[in-house]
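*Asks:* Please find one structure pasted underneath; my questions will follow.
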Amino acid sequence: MKKKDRLLQLIPEQGVLPLFFNKDVEVSLQVLKALYEAGIRTVEYTNRGEAALKNFIAMRQLYDAELPGMYLGIGTIKNGEMARKFIDAGADYLICPGLVPSVAEVADQHEMLWVPGCMTPTEIISAETLGARMIKLFPGNILGPGFLSAIKELFPDLLFMPTGGVELDKENIAGWFKAGVCAVGMGSKLITKALLEAKDYAQIVAATKQVLHTIQSIKA
């Protein structure tokens, strides 16, 4: 199975895509280990600072050596040149905050999954025309589950994943799945600033396990 197809299976199976950035490489590595320990097998590292590329390379080396079955995506990719740099660094897939044709072109050249951020039906149509198979609804807290419920039938062949403001509570997560998402992206609500500052990796493991359990119970 091609990596692209495997990821299109894995992200919905997992039900949540954790995403984070930290400028400290050791913190980034420890968070990746904690997520893996909790049962996560794919993570989005966000390209939010000067250290992102260096840290990403170290994370790729870690999971090649110690974390079998892990896939590492890179988020906040805003142009084709940025996409190429992270592909060279070993990215398994690309996630954008918006619809970026140059990223789609680079991803297609490498037969790689790319996930564009969309906020309107027009953007989703454009993404589908460019070959997108999964759409990041962003920002999720602005759009809400009602938006997806209203437009989902127009796009029967696309997978949808909200990112931005998805809460940890079961009611919020259930609302998204009822609307028809394949997974939810979770960043600072899951891997909080306080946990990162305290380097409380055990609590990241516990919180992630709880989210996975919540999603499985909703699906059941």
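*Asks:* Just to verify a result, which residue in the stretch 115-126, among those that are in a strand (DSSP E or B) and touching a residue at least 24 places away in the same chain (Cβ under 8 Å), is farthest from Phe86 (Cα to Cα)?
*Replies:* Per the criteria, the residue is Gly117.
*Asks:* Residue pairs, Cβ under 6 Å, 6 or more apart or interchain, first in the stretch 29-46 and assigned to a loop (DSSP other than H, G, I, E, B), second surrounded by fewer than 19 Cβ atoms within 10 Å (Cβ to Cβ). List them.
*Replies:* Gly39/Leu212; Arg41/Gly69
*Asks:* Considering only the stretch 178-187, state which residues are surrounded by fewer than 22 Cβ atoms within 10 Å (Cβ to Cβ) and either without any contact (Cβ under 8 Å) to a residue 24 or more places away in the chain or within 13 Å of Gln14 (Cα to Cα) (or both).
*Replies:* Of everything in the stretch 178-187, just one residue is surrounded by fewer than 22 Cβ atoms within 10 Å (Cβ to Cβ) and either without any contact (Cβ under 8 Å) to a residue 24 or more places away in the chain or within 13 Å of Gln14 (Cα to Cα) (or both), namely Cys182.
*Asks:* Filtering the stretch 58-75 down to residues that are within 19 Å of Ala107 (Cα to Cα) and of a type outside the set (Lys, Arg), which residue is most open to solvent (accessible area, probe 1.4 Å)?
*Replies:* If we take residues in the stretch 58-75 being within 19 Å of Ala107 (Cα to Cα) and of a type outside the set (Lys, Arg), then Tyr71 is most open to solvent (accessible area, probe 1.4 Å).
*Asks:* Further, regarding this structure: Which one of Gly131, Gly117, Gly146, Gly98 is more than 16 Å from the chain's Cα centre (by Cα), on the phi < 0 side of the Ramachandran plot and at pLDDT 95 or above?
*Replies:* On inspection, the qualifying residue turns out to be Gly146.
*Asks:* Okay, moving on. When the stretch 140-154 is examined, which residues are found to be open to solvent by less than 30 Å² (accessible area, probe 1.4 Å) and either touching a Gly at 6+ places or on another chain (Cβ under 7 Å) or assigned to a loop (DSSP other than H, G, I, E, B) (or both)?
*Replies:* Selection gives Gly140, Leu148.
*Asks:* A follow-up question, please. Of the residues in the stretch 144-170, how many are over 13 Å from Val181 (Cα atoms) and not basic (Lys, Arg)?
*Replies:* Number of matching residues: 6.
*Asks:* Quick one: is Gly49 within 18 Å of the chain's Cα centre (by Cα) and modelled with pLDDT under 95?
*Replies:* Yes, satisfied.
*Asks:* Is there any pair linking a residue in the stretch 155-169 that is in contact (Cβ under 8 Å) with a residue 40 or more places away in the chain to one that is of a type in the set (D, E, K, R) and open to solvent by 70 Å² or more (accessible area, probe 1.4 Å), with Cβ under 9 Å and at least six apart or on different chains, and which?
*Replies:* Short answer, once both residue conditions are applied: Leu159/Arg133; Leu168/Lys189.
*Asks:* Need pairs with beta-carbon distance below 7 Å; first residue closer than 21 Å to Arg41 by Cα and within the stretch 93-109, second open to solvent by 50 Å² or more (accessible area, probe 1.4 Å) and not aromatic (Phe, Trp, Tyr); sequence gap 6+ or separate chains.
*Replies:* Close Cβ pairs (under 7 Å, with a partner that is open to solvent by 50 Å² or more (accessible area, probe 1.4 Å) and not aromatic (Phe, Trp, Tyr)) amount to Cys96/Lys78.
*Asks:* Still on this structure, please answer the following. If you check Glu105 against the conditions, is it closer than 24 Å to Glu13 by Cα, open to solvent by 10 Å² or more (accessible area, probe 1.4 Å) and part of a helix (DSSP H, G or I)?
*Replies:* So Glu105 does not fit the description; no.
*Asks:* Tell me which residues, restricted to the stretch 125-139, are surrounded by fewer than 16 Cβ atoms within 10 Å (Cβ to Cβ) and β-branched (Val, Ile, Thr).
*Replies:* Residues satisfying the conditions are Ile125, Thr129.
*Asks:* Find the residue count for the stretch 164-177, including only residues that are open to solvent by 10 Å² or more (accessible area, probe 1.4 Å) and either in a loop (DSSP other than H, G, I, E, B) or closer than 15 Å to Ile40 by Cβ (or both).
*Replies:* Of the residues in that region, 5 qualify.
*Asks:* Taking the stretch 7-46 as the region of interest, how many residues are closer than 18 Å to Ala183 by Cα and either at pLDDT below 95 or not polar (S, T, N, Q) (or both)?
*Replies:* Qualifying residue count for the region: 21.
*Asks:* Taking the stretch 40-49 as the region of interest, how many residues are under 16 Å from Gly75 (Cβ atoms) and open to solvent by 20 Å² or more (accessible area, probe 1.4 Å)?
*Replies:* Here the count works out to 3.
*Asks:* Test of understanding: among Lys78, Lys4, Lys33, which residue is more than 28 Å from Phe160 (Cβ to Cβ), under 17 Å from the mean Cα position of the chain (by Cα) and open to solvent by 10 Å² or more (accessible area, probe 1.4 Å)?
*Replies:* Lys33 is the lone residue from the list that is more than 28 Å from Phe160 (Cβ to Cβ), under 17 Å from the mean Cα position of the chain (by Cα) and open to solvent by 10 Å² or more (accessible area, probe 1.4 Å).
The values are calculated or read from the model by the stated rules, or taken from the named source; none is laboratory data. This structure is a prediction, so every number in the text was calculated from the model and none was measured. So basically every Cβ, Gly included, is an ideal-geometry build from the backbone, and we count neighbours across all protein chains shown. Note: areas computed on protein heavy atoms with side chains; ligands, DNA, RNA excluded. Shrake-Rupley method; radii C 1.70, N 1.55, O 1.52, S 1.80 Å.
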